[in-house]
1. Would it be correct to say that S57 is closer than 30 Å to L9 by Cβ and of a type in the set (G, A, S)?
2. Among the helices (runs of 4 or more DSSP H) confined wholly to the chain, which include 3 or more residues that are among the acidic types (D, E)?
3. Filter segment 22-44 down to the residues that are of a type outside the set (V, I, T) and farther than 17 Å from R70 by Cα and list them by number.
4. Looking only at segment 1-12, which residues are without any contact (Cβ under 8 Å) to a residue 60 or more places away in the chain and either surrounded by 12 or more Cβ atoms within 10 Å (Cβ to Cβ) or not charged (D, E, K, R) (or both)?
5. State whether the residues of segment 13-21 include one that is surrounded by 10 or more Cβ atoms within 10 Å (Cβ to Cβ), at pLDDT below 90 and charged (D, E, K, R).
6. So, in segment 35-58, of the ones that are more than 13 Å from V4 (Cα to Cα) and hydrophobic (A, V, I, L, M, F, W, C), which residue ends up surrounded by the fewest Cβ atoms within 10 Å (Cβ to Cβ)?
7. Collect the residues in segment 60-85 that are of a type outside the set (G, A, S), out of contact with any Asp or Glu (no Cβ under 9 Å at 6 or more places or on another chain) and in contact (Cβ under 8 Å) with a residue 12 or more places away in the chain, keeping them in residue-number order.
8. Among the candidates R40, R22, R54, single out the residue that is among the basic types (K, R) and free of Cβ contacts under 8 Å to residues at least 12 places away in the same chain.
Amino acid sequence: MKSVGIRELKAHLSRYLEEVGRGELVLVTDRGRVVAEVRRPTVPQRPDQSPAERALSVLADRGVLRLGVRARPEAPPPTGLKVPNRTIDRLLAEARAEDDEG
């Protein structure tokens, strides 16, 4: 659970919303007094969630755990572009020659 002032919340809203999305509860204060809570919604979960995902969501909603950040997408597949070896060898030789000169 975190506590944040209104000005700080406004200045860094995206960051705090990401934390809320991971299950963190954020208390909003005005002059040191709690005036609001920002938490994950309690609406029904997505119908395409697996039972394990639903269970994790329930635990996150209860504050038992915080969900991790989603993994970044994998690198795109190779394009299949072929470069002749002699081209790479020539470029390496030129780069090495420049290094020797300078």
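The values are calculated or read from the model by the stated rules, or taken from the named source; none is laboratory data. These numbers were taken from a predicted model, which means no experiment stands behind them. Here the Cβ positions follow ideal geometry from the backbone for every residue, glycine too, while neighbour counts run over all protein chains shown.
1. Here the answer is yes, as S57 does meet what is asked.
2. Per the criteria, 85-101.
3. If the condition is that a residue be of a type outside the set (V, I, T) and farther than 17 Å from R70 by Cα, then L25, L27, D30, R31, G32, R33, A36, E37, R39, P41, P44 are the ones that fit.
4. K2, S3, V4, G5, I6, E8, L9, A11, H12
5. No.
6. Applying the filter and picking the extreme gives V43.
7. So in segment 60-85, the residues of a type outside the set (G, A, S) come out as 61-62, 64-67, 69-70, 72-74, 76-79, 81-85.
Applying the additional criterion that residues be out of contact with any Asp or Glu (no Cβ under 9 Å at 6 or more places or on another chain) yields 61-62, 64-65, 67, 70, 72-74, 76-79, 81-85.
If the condition is that a residue be of a type outside the set (G, A, S), out of contact with any Asp or Glu (no Cβ under 9 Å at 6 or more places or on another chain) and in contact (Cβ under 8 Å) with a residue 12 or more places away in the chain, then D61, L65, L67 are the ones that fit.
8. Values: R40 fails: free of Cβ contacts under 8 Å to residues at least 12 places away in the same chain; R22 fails: free of Cβ contacts under 8 Å to residues at least 12 places away in the same chain.
Within the list R40, R22, R54, the selection yields R54.
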